[in-house]
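Student: Quick one: this structure, given as structure tokens, is what I'll be asking you about.
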Ligand code: SAH
Ligand code: SF4
Ligand code: F3S
């Protein structure tokens, strides 16, 4: 930035998945290198950025809500408004038509251009005219190699190891907002892991839209995660979001064998009906999925399994839905994210199928499945009563400053009284579980 005495202040708001959290850390790093400073205080910001998500309609609505608020602010003082991320990438025309106040749009592969775009917008504003600037090219290569994320602090460091998705599940917008799959060099991932450890981070979460499709030369995901888990100083390694098609034996063996790779697998099911799975283009059947679950449970008995499910996809019958419920009962997930199907423009499903399940039916199925999963999740958490578990202290419990919140190896929240023992975030502690709910465990 040009103004050396008082740098322009940027406020960034992040929506969507962990990938967006991680991208916002890259954006902060890129802008700080260029002389910008960041503020938590929206009132003081010269530049407001929103890193957006496009996965479901309610993600759009949240962003439109925030943009509506900015409209009023921008009438009162100079402000550069930038929309980043998946919605910027997929909705350029709609966004610019509906929301004239946007100055800058940048998609997930265009963040290196952001300092220049914002500088231009600020200069134009100072000269009294508005100049819109868009950078929306998707790249086959961009992995932000060499950009060290400006991390948030805390106990966890995100490391993005691959970007993009080539699966084109028929319901999903991600392949259009994030482009093609590409993986980073293993050596740069390992260097970043070491750097995070030297800054005091105790946990690393490897990220990618299809993180277990990672491949670079003869490095596959099993080799990468094992090498990251060998980083001195790192206590735990997690990964998300994986696809059920990429669980070769070496990866399961690595998870089973390496004490620092967490025994938690998020395994998005989407549906338990073969007909619907086929329409979704998921490339597995309910039986394939069950076989994988059995194999995982056989190799890693204390595994925590979580999932994502969509209710009310095109043509889903009551019978299809019941197949999903049966698979959920059989698998006994620790927890599940359950979504009503939300048709996304230009996806395969939007082009080929009708969004024919009424919203109230979708909603009713979501409710029934959430109820079912609550019972199962509650029962699974009760299994820990009386056990002593290793817990990584994360932070003060929300709304209870006298309690700590930490996570088990399986990623389940544990809450206990601070007065029991002097501890700090980032420390591992053994806690005996005395009570449980659907969402958390309570310890002494
Ligand atoms: N890459 C991950 C999914 C990322 S999106 C995977 O393949 O599993 C996170 C979740 O959002 C998905 O698992 C799916 O359950 C949900 N989702 C994606 N598109 C959706 C849509 N159009 N409507 C409702 N839920 C959707
Ligand atoms: Fe979307 Fe499927 Fe890719 Fe996951 S694997 S991001 S659901 S297209
Ligand atoms: Fe949303 Fe993009 Fe992540 S659509 S879920 S922010 S990859």
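The values are calculated or read from the model by the stated rules, or taken from the named source; none is laboratory data. Quick caveat: nothing in here was measured; it's all calculated off a predicted structure. For neighbour counting, all protein chains shown are included, and Cβ atoms are generated from backbone atoms with ideal geometry for every residue, glycine included.
Student: Starting from the range 10-21, keep only residues that are over 15 Å from residue 165 (Cβ atoms) and touching a residue at least 12 places away in the same chain (Cβ under 8 Å), then list their pairs with residues that are within 16 Å of ligand 2 (Cβ to nearest atom) and part of a loop (DSSP other than H, G, I, E, B) whose Cβ atoms are within a distance under 7 Å, requiring at least 6 positions of separation or different chains.
Tutor: Hits for this filter: 15/53.
Student: Out of the residues in the range 43-63 meeting the condition of being loosely packed, with under 13 Cβ neighbours inside 10 Å and more than 16 Å from ligand 1 (Cβ to nearest atom), tell me which one is farthest from residue 6 (Cα to Cα).
Tutor: If we take residues in the range 43-63 being loosely packed, with under 13 Cβ neighbours inside 10 Å and more than 16 Å from ligand 1 (Cβ to nearest atom), then 43 is farthest from residue 6 (Cα to Cα).
Student: Can you name the residue in the range 294-309 that is in contact with a strand residue (DSSP E or B) (Cβ under 7 Å, 6 or more places away or on another chain) and free of Cβ contacts under 8 Å to residues at least 60 places away in the same chain and is also farthest from residue 327 (Cα to Cα) among such residues?
Tutor: Only one residue fits best here, namely 296.
Student: Looking at the range 200-211, which of its residues are more than 16 Å from ligand 3 (Cβ to nearest atom) and crowded, with 19+ Cβ neighbours inside 10 Å?
Tutor: Selection gives 201, 202, 203, 204.
Student: Just to check your reading of the model, which residue among 117, 105, 101 is more than 20 Å from residue 246 (Cα to Cα), at pLDDT below 95 and in contact with a strand residue (DSSP E or B) (Cβ under 7 Å, 6 or more places away or on another chain)?
Tutor: Going through 117, 105, 101 in turn, the sole match is 101.
Student: Further question on the same structure: Look at residue 338 and say whether it is within 13 Å of ligand 1 (Cβ to nearest atom) and closer than 30 Å to residue 237 by Cβ.
Tutor: yes
Here's the yes/no breakdown for (1) touching a residue at least 40 places away in the same chain (Cβ under 8 Å); (2) on the phi > 0 side of the Ramachandran plot; (3) more than 16 Å from ligand 3 (Cβ to nearest atom):
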residue: 213; (1), (2), (3): yes, no, no
residue: 216; (1), (2), (3): no, no, yes
residue: 219; (1), (2), (3): no, no, yes
residue: 224; (1), (2), (3): yes, no, yes
residue: 227; (1), (2), (3): yes, no, yes
residue: 232; (1), (2), (3): no, no, yes
residue: 236; (1), (2), (3): yes, no, yes
residue: 253; (1), (2), (3): yes, no, yes
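Student: Taking the range 159-187 only, how many residues are surrounded by fewer than 23 Cβ atoms within 10 Å (Cβ to Cβ), more than 16 Å from ligand 2 (Cβ to nearest atom) and closer than 18 Å to residue 213 by Cβ?
Tutor: Matching residues across the range 159-187 total 3.
Student: Residues that are over 19 Å from the mean Cα position of the chain (by Cα): list the helices (runs of 4 or more DSSP H) wholly contained in the range 18-104 that include at least 2 such residues.
Tutor: Answer list for the range 18-104: 18-33, 57-76, 92-98.
Student: Okay, moving on. Condition first: assigned to a loop (DSSP other than H, G, I, E, B) and out of contact with any helix residue (DSSP H, G or I) (no Cβ under 9 Å at 6 or more places or on another chain). Can you find one or more residues in the range 303-315 that meet it?
Tutor: No, that holds for no residue.
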